[in-house]
Each structure stands twice: as C-alpha cells, then as structure tokens.
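Have a look at the structure below before the remarks.
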Amino acid sequence: MKNNKHLITNGVEIPLENIKFHGEAPLKRLLMSGLGTDVNFNMHIAIHEISEPLKFEHRTYSEKHAHNCDEWNILLGEDLIFEITLDDEVFQVKSPSTVFIPKGTYHSANVLAGKGYYIAIVDTIDYKNSFID
C-alpha cells in the first residue's frame, strides 16, 4: 500500500514581524509550506488572515522589496482591497484577484479595506535568502 502522508502538511503560525521587510500588522500569518513546516513542497506558501481592516495610517504590513524568484498572490475575502505596488506603479486590487510578481520586481502590499485572506506563493525553498538587497 502506498503512503501519501508526505503530501499533507500542517501549517504553523509565524508572527509577521519576524519576516524581513514586513511589519507588525494585526493579522495572522500561517506558513503552509517551506522551511519551518513538517513538509516542504519546494515552495514558500503563506496565508495572511485579515480579520479586521487595518487602519491605513497605522498599518505597517509590507515594505517594498524584491525576490530572486517568481511570486503569486491571491486575494480572497469580503470587500478586501489591497494597495499593490509593482516597481513604480501603484494599483488598488479588489478580491477575488491574483497578482503575479516576476522575479526582480520590487513590490509591496497593504490592506486598504475589508477582511479575508492574502495568499503568497513564492517559488523557492529558501524564502529567507530569496530577498534581493
């Protein structure tokens, strides 16, 4: 009989302030795959749960940064609106939406309104060393 347990992983909660270029926003961050989980699918997958809208003038969520790999973001939720910066362009993105961020693209993401989930899928096994300085 085949054992497929290696295909399932349990997420772990990691405070946002422990992540480079990210602040102290009041949200839950669950790491679903990558270093720090019991299973690694060769990708860093994190879910940010926004249970209440962040006050725009008080939030520190994501500073502008870039990775040496591609990233996909998925926005799901009730009236969830993010301000997404891609290089020098700023967009207001409403859920449900996806944002593709090619490697080397400087980006940031901040909640403007609503609640829901911001899912980040980064094409790397080594997230901590994927940042471009």
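Going from most exposed to least, what order do VAL90, VAL111 have by accessible area with a 1.4 Å probe?
Numbers: VAL90 95, VAL111 0 Å².
Putting VAL90, VAL111 in descending order of accessible area: VAL90, VAL111.
Got a number for the accessible area of LYS5? Probe 1.4 Å, square angstrom, nearest 10.
Ignoring ligands and nucleic acids, LYS5 comes out at about 140 Å².
Keeping every protein chain in place, order SER130, SER51, SER95 by accessible area at 1.4 Å, biggest value first, i.e. largest first. Please list the in-between numbers first.
Details: SER130 0, SER51 75, SER95 25 Å².
Largest to smallest exposure gives the sequence SER51, SER95, SER130.
Mind scanning LYS28/LYS115; LYS103/LYS128; LYS64/LYS128; LYS64/LYS115; LYS94/LYS128 and naming the pairs with a C-alpha gap bigger than 18 Å? Don't skip to the answer; put the middle values down first.
On the way: LYS28/LYS115 12 Å; LYS103/LYS128 15 Å; LYS64/LYS128 16 Å; LYS64/LYS115 22 Å; LYS94/LYS128 28 Å.
As for pairs spanning more than 18 Å Cα to Cα, those are LYS64/LYS115; LYS94/LYS128.
The values are calculated or read from the model by the stated rules, or taken from the named source; none is laboratory data. All of these numbers come straight from a predicted model, not from anything done at the bench. For accessibility, only protein heavy atoms count, side chains too; no ligands or nucleic acids. Shrake-Rupley method; radii C 1.70, N 1.55, O 1.52, S 1.80 Å.
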